[in-house]
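Remarks on the structure that follows.
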Amino acid sequence: MTNGRLRLGVNIDHVATVRNARGGALPDPIRAAHLAVKAGAEGITAHLREDRRHIRDVDIERLAAELTVPLNFEMAATAEMIALALRLKPHAACLVPEKREERTTEGGLDVVGQERALAPAIAQLNAAGSRVSLFIEPDAAPIRMAAKLGAPVVELHTGTWCHAVVDGRQDKADAEFRRLAEGAALAASLGLEVHAGHGLDYDTARQLAAVPEFVEFNIGHFLVGEALFIGLEQAIVQMRAAMDEGRAAK
Ligand code: PXP
């Protein structure tokens, strides 16, 4: 368990989504990353997907070269992405499942089913100095497997909980919140650093910040949407305040 400050990592994928809608260079996701850092982001996350639908190779190269805060490189555990991570040596490599037909990452990585394929990838990335983070469901089996495979970090998938909150399904939301809190406690008891992400907004980030085992939230889509109305810096400042409120109230 940690009593420290909860870190905010900002995911800039959807700045690239808007850029790619017109195929040019604007808006520049790297400019958004620098602005996010100025506004208080303690890390930047970017997901280079196989189909390059948002982040492009040149974006990852620029982030690795220019960032003054940790880069969390979100990637599928494919030979292509592992080779890139081994060359760029990002601070963290967050392994996620990837399906071409999905609109966004739909669930956690099947670490139990893919144990034999993931083990060498995790070992290589760890050896290269990148902190491996496994994006998983908040359940005991994948959490225990992450610890067994030697990943130092797990990121618990918050999407199911966030959907239930937004849809007003209170019983489901309560059950999902308990699943996250129990998952975070189990992961921390196994010596894992615990992150969370997917679908978080001001309200859900505030609530989840009360669970003391979480040390980092990675948030993208909501912040980029909110930036349309109040600007990216202000959205990050308000997110930071919501997280600090939630942590203080625990
Ligand atoms: N963490 C992981 C592993 C993700 O795949 C995503 C979505 O790309 C996020 C965090 C951020 O989710 P959102 O964009 O919904 O805030």
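The figures follow:
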| quantity | calculated |
| --- | --- |
| Of residues in region 187-201 being part of a helix (DSSP H, G or I) and either closer than 11 Å to ARG144 by Cβ or touching a His at 6+ places or on another chain (Cβ under 6 Å) (or both), the one farthest from the ligand (Cβ to nearest atom) | SER189 |
| Residue within region 49-71 that is within 13 Å of the ligand (Cβ to nearest atom), surrounded by 14 or more Cβ atoms within 10 Å (Cβ to Cβ) and closer than 17 Å to VAL132 by Cα present | no |
| All positions within region 18-43 that are more than 17 Å from the chain's Cα centre (by Cα) and closer than 16 Å to ASP57 by Cβ | ARG19, ASN20, GLY23, ALA25, ASP28, ILE30 |
| Filtered residues of region 213-225 (kept if part of a helix (DSSP H, G or I) and surrounded by 19 or more Cβ atoms within 10 Å (Cβ to Cβ)) | PHE222, LEU223, VAL224 |
| Exclusive hit being modelled with pLDDT of 95 or more, over 15 Å from the mean Cα position of the chain (by Cα) and open to solvent by less than 20 Å² (accessible area, probe 1.4 Å), set LEU232, LEU192 | LEU192 |
| Matching residues, region 22-78, being part of a loop (DSSP other than H, G, I, E, B) and in contact with a Ser or Thr (Cβ under 8 Å, 6 or more places away or on another chain) | GLU50, ARG53, HIS54 |
| Pair list, Cβ < 7 Å and 6+ apart or interchain, from region 91-106 residues that are farther than 17 Å from HIS14 by Cβ and of a type outside the set (A, V, I, L, M, F, W, C) to residues that are more than 9 Å from the ligand (Cβ to nearest atom) and not in a loop (DSSP other than H, G, I, E, B) | HIS91/LEU71; HIS91/ARG131 |
| Qualifying residue in region 151-163 (condition: in contact (Cβ under 8 Å) with a residue 40 or more places away in the chain and more than 13 Å from the ligand (Cβ to nearest atom)) | yes |
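The values are calculated or read from the model by the stated rules, or taken from the named source; none is laboratory data. Not measured: the values here are computed from a predicted model. Methodologically, a virtual Cβ is constructed for each residue, glycine included, from the backbone with ideal geometry; neighbour enumeration extends over all protein chains shown. Keep in mind that these areas ignore ligands, DNA and RNA; they rest on the heavy atoms of the full protein, side chains included. Shrake-Rupley method; radii C 1.70, N 1.55, O 1.52, S 1.80 Å.
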